[in-house]
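Chemist: Please see the structure below; I have some questions.
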Amino acid sequence: MRFLRDKKVPLKVRQKLSYAKKNWAANLDKYKKQQGILEGRNSYSKTDKDATFMRMKEDHMQNGQLKPAYNLQISTNKQFILHYSIHPNPTDTKTLESHLQGFKESYHKVPKELVADAGYGSEENYNLLKSNKSLCEIQLLQERSKIRTNNRFTKQFKTGKNQGKGFQTSLY
């Protein structure tokens, strides 16, 4: 603040400059440390630095509150769990590559077929599966309102009798 000694500067400006001089260097170190913890994520929990804040599907308060959580991915075959992986990012599109890598490390091969919902649909994931020579089937639900309103369709869908109807299937 030597450059302001001879100049008339309002008191509030001097106070802000003094605060910045005292605190900003320490804050920059703190911000660098926090950026290292983030590792490309948008958020992290102070109590569990590996968790990311996510919106929960089952929010009993229905206020859209974010909670620290993980994204669990599971590979199954005939309802037996073959492989699982835990991810800090909330979207499924970013989990497929590392999940398949873990599967490959465990079984020394990748699955020949992969069935997933629309959350995995991205060009990167399609190209990944193409390079691994996996047949990918991603089902996109066309008419969500039909499932909610038509009870008979919902019951048939839950029992597997109507699986092919109401879906658009993308094979890559």
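The values are calculated or read from the model by the stated rules, or taken from the named source; none is laboratory data. Only a predicted model underlies this, so the values are computations on that prediction, with no experimental measurement involved. No Cβ is skipped: glycine too gets one built from the backbone with ideal geometry, and neighbour counts run over all protein chains shown. All accessible areas refer to the heavy atoms of the entire protein, side chains included, with ligands and DNA or RNA removed. Shrake-Rupley method; radii C 1.70, N 1.55, O 1.52, S 1.80 Å.
Chemist: Does region 66-97 hold any residues that are open to solvent by 60 Å² or more (accessible area, probe 1.4 Å), touching a Ser or Thr at 6+ places or on another chain (Cβ under 9 Å) and not in a loop (DSSP other than H, G, I, E, B), and which are they?
Modeler: Leu66, Lys67, Pro68, Leu72, Ile74, Ile81, Leu82, Tyr84, Lys94 - these are the residues of region 66-97 that are open to solvent by 60 Å² or more (accessible area, probe 1.4 Å), touching a Ser or Thr at 6+ places or on another chain (Cβ under 9 Å) and not in a loop (DSSP other than H, G, I, E, B).
Chemist: Here is a further query. Out of (1) in a strand (DSSP E or B); (2) at pLDDT below 90; (3) touching a Pro at 6+ places or on another chain (Cβ under 8 Å), the odd one out for Asp50 is which?
Modeler: Among (1) in a strand (DSSP E or B); (2) at pLDDT below 90; (3) touching a Pro at 6+ places or on another chain (Cβ under 8 Å), the lone unmet condition for Asp50 is (1).
Chemist: Does Asn63 satisfy the criteria of being in a loop (DSSP other than H, G, I, E, B) and touching a Ser or Thr at 6+ places or on another chain (Cβ under 7 Å)?
Modeler: Criteria not met by Asn63.
Chemist: Being modelled with pLDDT under 85, on the phi > 0 side of the Ramachandran plot and open to solvent by 30 Å² or more (accessible area, probe 1.4 Å), is that true of even one residue in region 127-150?
Modeler: Yes, that holds for at least one residue.
Chemist: Would you pick out the residues in region 1-45 that are within 30 Å of Leu66 (Cβ to Cβ), open to solvent by 70 Å² or more (accessible area, probe 1.4 Å) and either of a type in the set (Asp, Glu) or at pLDDT 85 or above (or both)?
Modeler: Trp24, Leu28, Asp29, Lys30, Tyr31, Lys32, Lys33, Gln35, Glu39
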